[in-house]
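Participant: Okay, handing you the structure first.
The values are calculated or read from the model by the stated rules, or taken from the named source; none is laboratory data. Here the structure is a predicted model, which means the values were calculated and not measured. FYI the Cβ positions are ideal-geometry reconstructions off the backbone, even for glycines, and counts take in every protein chain you see. We work out accessible area using only protein heavy atoms, side chains counted, and drop any ligands, DNA or RNA first. Shrake-Rupley method; radii C 1.70, N 1.55, O 1.52, S 1.80 Å.
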Amino acid sequence: MQKVLFFLGELSDADLDWLITSGEKREVAAGTVLIREAQPVDALYILLEGTLVVSVEAMGDRELARLHSGEVVGEMSFIESRPPSATVKSLEQSLVLALPRRMLAAKLEEDVGFASRFYRALAILLSSRLRGTVKQLGDAPPPSSNHRSGSESGNGDGLASRAIAETRLQYLMEQLGVKRR
């Protein structure tokens, strides 16, 4: 759930309302390919429930990651306007909020404030993922006592930002009729 908190913590309440009204809640059956490597992606997804598996064909379809509730999926292809470099498949019955690419692109074009918050949220999310990858590779320095947590937004009040993000996530789930497990 941590990743969506990075994302939601940067957005405003109005941004969240726009996501809810513009997104489409989709059930994804176990075994369904949500994103296929090298194929265009028509939406950005927020995983509300379930588990998705990320794999790459060039690596023999080896599982690279498992994504859980709260992850944002398809963001790299959205940002780069390039086909995805990995396949994302549902490991179990899952539920996503799909944000259609065209609608999201139009909103970003017309609403500079939303665009600023949205791209900052994605930058924080991607930075967190990169730090996690570096840590997995064993190249990360040991954490120090003065190291800021990735959930902090840089303004010194990470706990307040996290609390706001958690409240927004709960609101999002309630508005979409999703009961948290």
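Participant: Tell me, in nm to one decimal, what length is gained between Ala163 and Arg66 on full extension, where the rule is 0.36 nm per residue of separation less the Cα-Cα distance?
Facilitator: Fully extending the segment from Ala163 to Arg66 adds 32.4 nm.
Participant: While we're looking at this one, here's another question. Can you tell me the relative contact order of segment 45-86? Whole percent, Cα pairs under 8 Å, sequence separation 6 or more.
Facilitator: For segment 45-86, the relative contact order is 42 percent.
Participant: Taking the simple approach of a point 7 Å from Cα along Cα-to-Cβ for both Met103 and Glu174, what is their distance in nm?
Facilitator: Distance between the two pseudo-spin positions: 2.2 nm.
Participant: Accessible area of Lys135, 1.4 Å probe, to the nearest 10 Å²?
Facilitator: 150 Å²
Participant: On to the next question. With +1 on each Lys and Arg Cβ and -1 on each Asp and Glu Cβ, and nothing else charged, work out how big the dipole of segment 1-145 is about its Cα centre, in Debye to the nearest 20.
Facilitator: 300 debye
Participant: So, one more: With a 1.4 Å probe and every protein chain left in place, tell me how much accessible area Met76 has, in Å² to the nearest 10.
Facilitator: Counting only protein heavy atoms, the figure is 100 Å².
Participant: Find how many whole Å separate the alpha carbon centroid of segment 22-76 from the alpha carbon centroid of segment 112-137.
Facilitator: Here the two parts' Cα centres lie 17 Å apart.
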